[in-house]
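Notes to accompany the following structure.
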Amino acid sequence: MTNMESTREAFGKALVELGRENKDIVVLGGDLNKSTMAIMFGNEFPERFFDVGAAEQNMLSMAAGFAAAGKIPICTTFAVFGTGRAFDQIRVGIAQSKLNVNLVCTHAGLLTAEDGISAQSLEDLALMCSLPPMTVLTPSDGPETVSALKAAIATPGPVYMRLYRPATLVMHESGSHFKLGTIEILQNGSDVTLIGCGPLLESVLNAAEILKEQGISAEVLNVSTLKPLDEATLVKSITKTNAVVTAEEHYIHGGLGSMVASSLARNYPAPQEFIAMHQYAESGPAKPLLEKYGLSSNGIVEAAKKVISRKK
Amino acid sequence: MVNIDQLIGTAKQIRRDIVTMTSAAQSGHPGGSLSAADILVVLYFEIMNIDPSQPLLTSRDRFILSKGHASPVMYATLARRGFFSPDEFKDFRQLNSRLQGHVHIITPGVDMSAGSLGQGLSFALGTALAGKLDTSPYRVYAMVGDGECDEGQIWEAAMAASFYNANNLTLFVDRNRIQNDRFTDQVMDLEPLADKWKAFGWKVFETDGHDINSIINTVKEAQKEEKQPQVIIAHTIKGKGVSFMENNPDFHGKAANKEQLVEALKELE
């Protein structure tokens, strides 16, 4: 039986727990607190919860001010607003000052589905990876979200964490393995390396099953820390398989695929196929939307076969 | 007892520092530094609870310079107050320096990195609310330029500061009436500016931004406020103290050349 849990719900619960342990934690939100689940913290610790309304720029700069005064601010909103609307505030006020601000954005990727392209966040990873001191976390499920949040709080500099709207497959035990800066090997294989992050990992694992039935052995990697990327584990895997497919709910440029390609180009060049968005999408139910734009198990299987055929 | 003459003398010294370091770098922003000089002198030499030997002391008062291009007045004030040596002025805008083009948190005494307009008031509000959470007695002072009030984020922060009753926050608007290109009323008229702040829930004060006595009295009056954040609209002259820079938009972001520097220093004796 598969167990599903939403990363944002896990986040909300963890916030309350961490807030109880650490009085320096303050949470900021922008009138989306019922959706991001930050409201759970707000209900428990109203004096440390700041809803600034639909004003993301103010929220991020305020968080910088909290951090400079020794607090541990956690900013919460949707990925499109947190990274896009407030990019300059993050760049100048947080990244360039290396302040301890944690930005946790829910509703990332394509899976805000029906809300359409303004709400679908295909650029957030590119924006956040473009900031030198920024740590970028992409936990895959509820338990990993909890561990990643703890790690983010323990990390002195700025952290961006990407969460999702729908429930995702629970792949980890709670209190899990997560170690910041480490790629997790979900499955060993020898013919091709499949790399995913976030909810698409479920499709990646399904693809690996399909490939197995067809006699192809796939190694599956979970990148829950996108930046800094665990190059050692990445290169070790590609040295074995010599072919890689990356799968992400993000624009093809600037996200997981780009980070992997950039590392391999420097360390161990190998053929790579990209499962990612090549354009803006449209409104639609999640599953058909993912299918239409190729972010599916079938898409990953085809990409795996193609990249294997490109091996020298 | 406040020694006004001494503060006036310090302000003159700081103005000499401003024109000298920008001229040496042949870049930087003298106009909006000269307009703000008297306010910074009042804050750093009379009002604020600070210790130059412990620039990161938790209980210190903060000053957030949101108009980060006015870095020369910040550096001159901090150095003359003892945060670092005036010898560093020669490094302003040079490689391997702590004195960056726009204020950056790496400089001892600089509380926030700025340079992209409109962010400092929000930052100051965050720090002010953190102080309230800790029931720490520190106060947060901030300064924005008048042209900077074009930025929407200023008004996001203005709304939030009164909503959260940040009465430990005092903002100066350096109302020098000139922004980068032209006079503010030609670019984007801000009036009625006092009414705008009032409408956003602030306690509003106005002062001559070059009258040391008046600035001191206004700040002290503002600090009595028990609920609202306070804004002091300081009427200033851009380029104040150097006749050919005064009220001249050209010197927003242009340094004096060698001949102009000699003339400026003569006027600032």
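Restricting the search to the range B:87-122, which residues are under 26 Å from B:CYS149 (Cα atoms) and either more than 14 Å from chain A (Cβ to nearest Cβ) or in contact with a Pro (Cβ under 7 Å, 6 or more places away or on another chain) (or both)?
Within the range B:87-122, B:LEU99, B:GLY109 meet the criteria.
Suppose we filter A:ALA270, A:ALA265, A:ALA232 for residues that are outside the structural domain of A:LEU110 (by TED's automatic domain parsing) and surrounded by 18 or more Cβ atoms within 10 Å (Cβ to Cβ); which single one remains? It would help to see each step written out before you state the result.
On the way: A:ALA265 fails: surrounded by 18 or more Cβ atoms within 10 Å (Cβ to Cβ); A:ALA232 fails: surrounded by 18 or more Cβ atoms within 10 Å (Cβ to Cβ).
One residue alone meets the criteria, A:ALA270.
Given the condition farther than 18 Å from B:SER35 by Cα and within 14 Å of chain A (Cβ to nearest Cβ), answer yes or no: does some residue in the range B:179-198 qualify?
No, the range B:179-198 has no match at all.
Grab the strands (runs of 3 or more DSSP E) fully contained in the range A:146-243, keeping just those with 1 or more residues being polar (S, T, N, Q).
A:167-169, A:184-187, A:192-196, A:218-222, A:225-227
Can you tell me which residue within the range A:60-80, out of those that are surrounded by fewer than 24 Cβ atoms within 10 Å (Cβ to Cβ) and not in a loop (DSSP other than H, G, I, E, B), is nearest to the other protein chains (Cβ to nearest Cβ)?
Among them, the one singled out is A:ILE72.
Mind listing whichever residues of the range A:150-181 are within 28 Å of A:LYS287 (Cβ to Cβ) and either crowded, with 21+ Cβ neighbours inside 10 Å or among the hydroxyl-bearing types (Ser, Thr, Tyr) (or both)? Walk me through it before giving the result.
Taking the range A:150-181 and keeping what is within 28 Å of A:LYS287 (Cβ to Cβ), we get A:160-174, A:176, A:178.
Within the range A:150-181, A:TYR160, A:MET161, A:ARG162, A:LEU163, A:TYR164, A:ARG165, A:THR168, A:HIS172, A:SER174, A:SER176, A:PHE178 meet the criteria.
Condition first: of a type in the set (D, E, K, R) and more than 10 Å from every other protein chain (Cβ to nearest Cβ). Now tell me which residues in the range B:125-147 satisfy that.
Result: B:ARG139, B:ASP146.
For the range B:18-40, enumerate the residues that are within 22 Å of B:ALA234 (Cα to Cα) and either part of a helix (DSSP H, G or I) or acidic (Asp, Glu) (or both).
B:ILE18, B:VAL19, B:GLY31, B:GLY32, B:SER33, B:LEU34, B:SER35, B:ALA36, B:ALA37, B:ASP38, B:ILE39, B:LEU40
Given the structure, is A:ILE308 in contact with a Phe, Trp or Tyr (Cβ under 6 Å, 6 or more places away or on another chain) and either under 14 Å from A:THR193 (Cβ atoms) or surrounded by 14 or more Cβ atoms within 10 Å (Cβ to Cβ) (or both)?
On the way: in contact with a Phe, Trp or Tyr (Cβ under 6 Å, 6 or more places away or on another chain): no; either under 14 Å from A:THR193 (Cβ atoms) or surrounded by 14 or more Cβ atoms within 10 Å (Cβ to Cβ) (or both): yes.
It is false that A:ILE308 is in contact with a Phe, Trp or Tyr (Cβ under 6 Å, 6 or more places away or on another chain) and either under 14 Å from A:THR193 (Cβ atoms) or surrounded by 14 or more Cβ atoms within 10 Å (Cβ to Cβ) (or both).
Go over the candidates A:LEU18, A:LEU103, A:LEU28 one by one and state the one that is surrounded by fewer than 24 Cβ atoms within 10 Å (Cβ to Cβ) and either more than 10 Å from chain B (Cβ to nearest Cβ) or assigned to a strand (DSSP E or B) (or both). First the steps, then the outcome.
Numbers: A:LEU103 fails: surrounded by fewer than 24 Cβ atoms within 10 Å (Cβ to Cβ); A:LEU28 fails: surrounded by fewer than 24 Cβ atoms within 10 Å (Cβ to Cβ).
On inspection, the qualifying residue turns out to be A:LEU18.
Just to verify a result, which residue in the range A:35-48, among those that are touching a residue at least 12 places away in the same chain (Cβ under 8 Å) and within 11 Å of another protein chain (Cβ to nearest Cβ), is surrounded by the fewest Cβ atoms within 10 Å (Cβ to Cβ)?
Looking at residues that are touching a residue at least 12 places away in the same chain (Cβ under 8 Å) and within 11 Å of another protein chain (Cβ to nearest Cβ), I get A:PHE45.
Considering only residues that are among the hydroxyl-bearing types (Ser, Thr, Tyr) and either crowded, with 18+ Cβ neighbours inside 10 Å or within 16 Å of A:GLY254 (Cα to Cα) (or both), which ones fall in the range A:111-149?
Matches in the range A:111-149: A:THR112, A:SER121, A:SER130, A:THR135, A:THR138, A:SER140, A:THR145, A:SER147.
Restricting attention to the range B:237-265, which residues are outside any loop (DSSP other than H, G, I, E, B) and aromatic (Phe, Trp, Tyr)?
B:PHE251 - this is the single residue of the range B:237-265 that is outside any loop (DSSP other than H, G, I, E, B) and aromatic (Phe, Trp, Tyr).
So which helices (runs of 4 or more DSSP H) stay within the range B:99-211 end to end and still have 1 or more residues that are surrounded by fewer than 24 Cβ atoms within 10 Å (Cβ to Cβ) and of a type in the set (Asp, Glu)?
Helices (runs of 4 or more DSSP H) meeting the threshold: B:184-187, B:193-199.
The values are calculated or read from the model by the stated rules, or taken from the named source; none is laboratory data. Everything numeric in this text was worked out from a predicted model, so none of it was measured. Methodologically, a virtual Cβ is constructed for each residue, glycine included, from the backbone with ideal geometry; neighbour enumeration extends over all protein chains shown.
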